[in-house]
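Peer 1: Quick one: the structure is below, and I'll ask about it shortly.
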Amino acid sequence: MTQVLDGVRVLDFGRYIAGPCCGMMLADLGADVIRIEKIDGSEDRFTGPIGDGPEGEESVGSGYVHLNRNKRGLTLNPMKPEGRDIVKKLVATADVVIANLPNDTLTKMGLDYDSLCAIKPDIILTTVSAFSTTGPYKDRVGFDGVAAAMSGMMHLSGYEDEPMKAHTPWVDFGTASAATIGTLSAILHHRATGEGQRVEGSLLGTALLFNNAALIEQSMIQADRVGSGNRGQTSAPSDAFKCQDDEWLIVQVVGRPLYERWAKLMGEDYWLTDDKFKDDLARGDNGVEISARMQKWCGERTREDAIKALSEARIPTGHIYKPADTLKDPQVLGGDFLQDVEYPGTDKPAPVVKLHVRLSKTPASIRMRAPTLGEHTDDIMRDLGYDDGAIAELHEKRVI
């Protein structure tokens with residue numbers, strides 16, 4: 001089946017999450033993505049190990065397995081003269097270069113936009129940085145958690161006396177999605193005009209966008225909110241609740257219609273007649289009282305009975321799962337979200353999540369597993385015109 005990015009070649013110099021995830025999305029949509037990493041493997045290959053990996057690999061990481069499916073693998077040292085020549089030959093064949101590296105590193109590797117344009121004037125360069133390429137922090141390094149903390153999220157998600165981080169790197173994945181949107185836009189522009197351009201994403205920019213409502217509220221009315229844990233602050237009930245069987249669920253009520261359904265379920269007019277619950281903001285301000293009532297209701301029921309009653313009342317609710325529970329949920333299993341993918345050196349297939357957007361005419365797909373270390377190096381080098389003798393010599397010099 002034809003895919004929307006058939007014929008597009010992407011060089012993925014990404015590392016960790018944001019860059020590789022952008023490359024993964026483009027690969028799922030049909031692009032020929034070449035992952036280019038260090039001779040001995042880049043850091044993200046080994047993070048969160050789930051197996052020994054094949055011969056020659058230290059281990060294989062859980063993130064690597066899902067972020068690098070559908071890619072071909074090339075090991076390369078672009079800091080050596082011969083490596084720099086290989087980069088130039090690769091760029092000449094490419095449509096897009098992805099690099100989430102500091103600006104000075106991009107320049108040293110010859111991956112800055114000016115250097116790439118000297119090789120291929122219509123190239124698209126997609127970069128991801130921690131703080132963007134302007135401003136006083138532009139040369140700082142940073143990870144997902146740093147941007148989340150600076151956006152105000154940790155303060156609001158924690159408690160009054162302790163901020164709390166999110167263990168899921170939502171800033172990285174949000175930035176990857178943004179970089180993918182930007183890259184697709186640049187590809188469309190290129191098809192219309194023949195021009196390339198630079199696409200820039202930043203972790204801080206993503207975190208600020210996702211937390212913008214809280215920032216606007218603070219600027220406009222100086223709400224000065226403090227952390228409230230699981231309890232929402234601008235509506236109620238919006239909280240985590242423990243049920244009779246010691247299992248947990250989440251309830252999120254936003255807006256008058258949902259709140260009226262909840263009050264009806266409670267069977268008490270008080271929640272609808274008292275002015276301190278007159279709107280979402282008032283209910284958020286008095287969320288402790290509303291959560292206490294909801295907790296009493298949940299404590300009298302098993303989780304399954306509570307979810308059944310809430311669902312029948314059309315109130316948003318769901319299980320609070322451990323990862324082991326998530327992997328057994330009938331909707332997760334029956335909703336076509338996962339695909340079992342083998343990787344050498346692991347004991348069983350990995351449940352890899354498919355692209356989180358579905359297209360009816362040009363669907364994304366997982367066509368091949370993530371590459372082993374340097375798996376396609378020799379084939380790619382032959383495509384660039386190197387013979388077997390030259391390839392062997394470059395291996396000996398640890399250029400590839």
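Peer 1: With just the Cα atoms defining each centre, how far is region 307-376 from region 159-177? Give it in Å.
Peer 2: Their Cα centres are 21 Å away from one another.
Peer 1: Taking Cα centroids, how far is region 1-53 from region 94-108 in Å?
Peer 2: 15 Å
Peer 1: Please say if region 3-117 is rounded, prolate or oblate, where rounded means a/c under 1.5 for a ≥ b ≥ c the square roots of the C-alpha gyration tensor eigenvalues, and otherwise the choice is prolate for a/b larger than b/c and oblate otherwise?
Peer 2: Verdict is oblate for region 3-117.
Peer 1: Please figure out what share of the DSSP beta bridges in the chain is antiparallel and state it in percent, rounded to the nearest 5.
Peer 2: Beta bridges within the chain, antiparallel portion: roughly 40 percent.
Peer 1: Continuing with the same structure: Give the order of 55, 43 when sorted by the count of other beta carbons within 10 angstrom, beginning with the fewest.
Peer 2: Going from least to most buried by this count: 55, 43.
Peer 1: Now for a different question. Count charges around residue 306 for me, please; just the other residues with Cβ under 15 Å from its Cβ, Lys/Arg as +1, Asp/Glu as -1.
Peer 2: Counting the neighbours of residue 306, the net charge comes to 0.
Peer 1: Any idea what angle helix 287-299 forms with the longest principal axis of the chain, computed on alpha-carbon atoms, 0 to 90 degrees, nearest 10?
Peer 2: So the inclination is approximately 90 degrees.
Peer 1: Further question: Which whole-Hz couplings ³J(HN,Hα) result when phi for each residue of region 161-166 is put into the Karplus expression 6.51 cos²θ - 1.76 cosθ + 1.60, θ = phi - 60°, listed in order with x for Gly and Pro?
Peer 2: Rounded to whole hertz, the list is 10, 7, x, 9, 7, 8.
Peer 1: May I ask for the angle, rounded to the nearest 10°, between helix 303-312 and the longest principal axis of the chain, with both axes built from Cα atoms and the value confined to 0 to 90°?
Peer 2: 80 degrees
Peer 1: Just to be sure I follow: if Rg is taken over the C-alpha atoms of region 57-133 and Rh is the Kirkwood radius over the same atoms, what is Rg/Rh?
Peer 2: Looking at region 57-133, the ratio lands at 0.99.
Peer 1: Counting other beta carbons within 10 Å of each Cβ, put 113, 159 in order, fewest first.
Peer 2: So the residues, fewest neighbours to most, are 159, 113.
Peer 1: Within 10 Å of each residue's Cβ, count the other Cβ atoms and sort 333, 249 from fewest upward.
Peer 2: The most exposed by this proxy come first: 333, 249.
Peer 1: Please state, as a whole number in µm²/s, the translational diffusion coefficient that the Stokes-Einstein equation yields for region 229-374 at 25 °C and 0.890 mPa s, with Rh defined as the Kirkwood radius across alpha carbon pairs.
Peer 2: Value of D from the Cα-based Kirkwood radius: 136 µm²/s.
Peer 1: To continue, here is another question. Of the DSSP beta bridges with both residues in region 1-152, give the percent that are antiparallel, rounding to the nearest 5.
Peer 2: Roughly 10 percent of the beta bridges in region 1-152 run antiparallel, per DSSP.
Peer 1: Stokes-Einstein at 10 °C, 1.306 mPa s, Kirkwood radius from Cα pairs: D for region 356-400 in µm² s⁻¹?
Peer 2: 121 µm²/s
Peer 1: First check a/c for region 282-344, with a ≥ b ≥ c the square roots of the eigenvalues of its C-alpha gyration tensor; if it is under 1.5, answer rounded, and if not, answer prolate when a/b is larger than b/c or oblate otherwise.
Peer 2: Judged from the Cα gyration tensor, region 282-344 comes out prolate (a/c at least 1.5, a/b above b/c).
Peer 1: If you filter region 303-338 for trypsin sites (Lys or Arg not before Pro), then keep DSSP loop positions with at most 16 other Cβ within 10 Å, what is left?
Peer 2: Those satisfying the criteria are 314, 328.
Peer 1: Compute the angle between helix 81-92 and the longest alpha-carbon principal axis of the chain, please, reported from 0 to 90 degrees and rounded to the nearest 10.
Peer 2: Rounded to the nearest ten degrees, it is 70.
All of the numbers you see were taken from the coordinates with simple rules; none came from a lab. If you're wondering where the values come from, they're calculated on a predicted model, not measured in any experiment. Cβ sites come from the backbone with ideal geometry, for glycine too, and all protein chains shown count toward neighbours.
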